[in-house]
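Asker: Just passing along the structure, written as structure tokens.
The values are calculated or read from the model by the stated rules, or taken from the named source; none is laboratory data. These figures come from a predicted structure and were not determined experimentally. Every residue, glycine among them, receives a Cβ derived from its backbone with ideal geometry; neighbour counts consider all protein chains shown.
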């Protein structure tokens, strides 16, 4: 027969579980309060700047505060016009429309006008690359897809400080967004000012983008 807990053992475990539950609730509440305070500080720190990420450091851990874009579709049927022949590669049709991460990133940048015309990633990186060999390595590692990843690579490869790396990571993200947009248009037709304006108008009509601040703890 399986050993059963004695009444006094059950009582101890019940009391202990109740204490743990209360501690968990108290810690969760404290964590949420701290997170709210850090997010408030973050929004104050990035107000009227192009920065979307701030790192706060303690003695044993770091916190990254950043804005996460939520792309919501208003008129899903317009997506075929926006993406053209690349539609099936970027959109999964189910009961609801599911955008790939690349599509979300591109649409968010275009909707918020976070793009830079008349510039290329290569020209941008050449401004901080000490030589052609380094530039080639940077072009393989810095794509404008991940701010934190690009910043780390710029510090590591170009040997710039974190402030310079942050500035260039933001610029490269905007340059890459426009390059990707033009590549997308070229897949399904001619790239003209008229077509660019029309597709941007479609984007503004078809989606909305909400920015949500979030906190991530890193060691």
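Asker: If you check residue 102 against the conditions, is it closer than 30 Å to residue 37 by Cα, surrounded by 13 or more Cβ atoms within 10 Å (Cβ to Cβ) and touching a helix residue (DSSP H, G or I) at 6+ places or on another chain (Cβ under 8 Å)?
Answerer: Numbers: closer than 30 Å to residue 37 by Cα: no; surrounded by 13 or more Cβ atoms within 10 Å (Cβ to Cβ): yes; touching a helix residue (DSSP H, G or I) at 6+ places or on another chain (Cβ under 8 Å): yes.
No: the conditions fail for residue 102.
Asker: Something else about it: For segment 20-34, indicate whether the set of residues that are surrounded by 11 or more Cβ atoms within 10 Å (Cβ to Cβ), under 35 Å from the mean Cα position of the chain (by Cα), touching a residue at least 60 places away in the same chain (Cβ under 8 Å) and not assigned by TED's automatic domain parsing to the domain that holds residue 108 is non-empty. First the steps, then the outcome.
Answerer: The first filter runs over segment 20-34 and keeps only residues surrounded by 11 or more Cβ atoms within 10 Å (Cβ to Cβ), leaving 31, 34.
Still in the list and also under 35 Å from the mean Cα position of the chain (by Cα): 31, 34.
Subsequent filtering for residues that are touching a residue at least 60 places away in the same chain (Cβ under 8 Å) retains none.
No, because not a single residue in segment 20-34 is surrounded by 11 or more Cβ atoms within 10 Å (Cβ to Cβ), under 35 Å from the mean Cα position of the chain (by Cα), touching a residue at least 60 places away in the same chain (Cβ under 8 Å) and not assigned by TED's automatic domain parsing to the domain that holds residue 108.
Asker: Pick from 119, 24: which is under 27 Å from residue 150 (Cβ atoms) and at pLDDT 90 or above? It would help to see each step written out before you state the result.
Answerer: Working: 24 fails: under 27 Å from residue 150 (Cβ atoms).
The conditions single out 119.
Conditions tested, residue by residue: (1) touching a residue at least 60 places away in the same chain (Cβ under 8 Å); (2) surrounded by 18 or more Cβ atoms within 10 Å (Cβ to Cβ); (3) not in a loop (DSSP other than H, G, I, E, B).
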{"site": "124", "(1), (2), (3)": "no, yes, yes"}
{"site": "128", "(1), (2), (3)": "no, yes, no"}
{"site": "133", "(1), (2), (3)": "no, no, yes"}
{"site": "168", "(1), (2), (3)": "no, yes, yes"}
{"site": "171", "(1), (2), (3)": "no, yes, yes"}
{"site": "182", "(1), (2), (3)": "no, no, yes"}
{"site": "200", "(1), (2), (3)": "yes, no, yes"}
{"site": "212", "(1), (2), (3)": "yes, no, yes"}
{"site": "215", "(1), (2), (3)": "yes, no, yes"}
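Asker: While we're on this one: For residues in segment 67-90 being at pLDDT below 85 and in a strand (DSSP E or B), which is nearest to residue 199 (Cα to Cα)?
Answerer: Ranking the candidates gives 73 first.
Asker: Looking at (1) in contact with a strand residue (DSSP E or B) (Cβ under 8 Å, 6 or more places away or on another chain); (2) free of Cβ contacts under 8 Å to residues at least 24 places away in the same chain; (3) surrounded by fewer than 13 Cβ atoms within 10 Å (Cβ to Cβ), find the lone condition where residue 56 falls short.
Answerer: Going through the list (1) in contact with a strand residue (DSSP E or B) (Cβ under 8 Å, 6 or more places away or on another chain); (2) free of Cβ contacts under 8 Å to residues at least 24 places away in the same chain; (3) surrounded by fewer than 13 Cβ atoms within 10 Å (Cβ to Cβ), residue 56 breaks only (3).
Asker: How many of the residues making up segment 184-198 are in contact (Cβ under 8 Å) with a residue 40 or more places away in the chain and over 12 Å from residue 107 (Cβ atoms)? First the steps, then the outcome.
Answerer: Looking only at segment 184-198, we keep the residues that are in contact (Cβ under 8 Å) with a residue 40 or more places away in the chain, and these are 184-185, 187-189.
Subsequent filtering for residues that are over 12 Å from residue 107 (Cβ atoms) retains 185, 187-189.
Looking only at that region, the number is 4.
Asker: Select from segment 149-163 the residues that are more than 13 Å from residue 51 (Cβ to Cβ) and exposed (fewer than 15 other Cβ atoms within 10 Å of the Cβ) and list them in ascending order. Spell out how you get there, then give the answer.
Answerer: The first filter runs over segment 149-163 and keeps only residues more than 13 Å from residue 51 (Cβ to Cβ), leaving 149-150, 152-161.
Listed by number, the residues that qualify are 149, 156, 159, 161.
Asker: Those residues that are in contact with a helix residue (DSSP H, G or I) (Cβ under 7 Å, 6 or more places away or on another chain) and either more than 16 Å from residue 167 (Cβ to Cβ) or at pLDDT 95 or above (or both), I need them from segment 129-141; list them, please.
Answerer: Here is the first cut: in segment 129-141, the residues in contact with a helix residue (DSSP H, G or I) (Cβ under 7 Å, 6 or more places away or on another chain) are 129, 134-135, 137-139, 141.
Answer for segment 129-141, where residues must be in contact with a helix residue (DSSP H, G or I) (Cβ under 7 Å, 6 or more places away or on another chain) and either more than 16 Å from residue 167 (Cβ to Cβ) or at pLDDT 95 or above (or both): 134, 135, 137, 139, 141.
Asker: Looking at segment 68-90, which of its residues are in contact with a helix residue (DSSP H, G or I) (Cβ under 7 Å, 6 or more places away or on another chain) and within 17 Å of residue 208 (Cβ to Cβ)? Steps first, please.
Answerer: Going residue by residue through segment 68-90, those that are in contact with a helix residue (DSSP H, G or I) (Cβ under 7 Å, 6 or more places away or on another chain) are 69, 71, 73-75, 78-87, 90.
Those that are in contact with a helix residue (DSSP H, G or I) (Cβ under 7 Å, 6 or more places away or on another chain) and within 17 Å of residue 208 (Cβ to Cβ): 69, 71, 73, 74, 75, 78, 79, 82.
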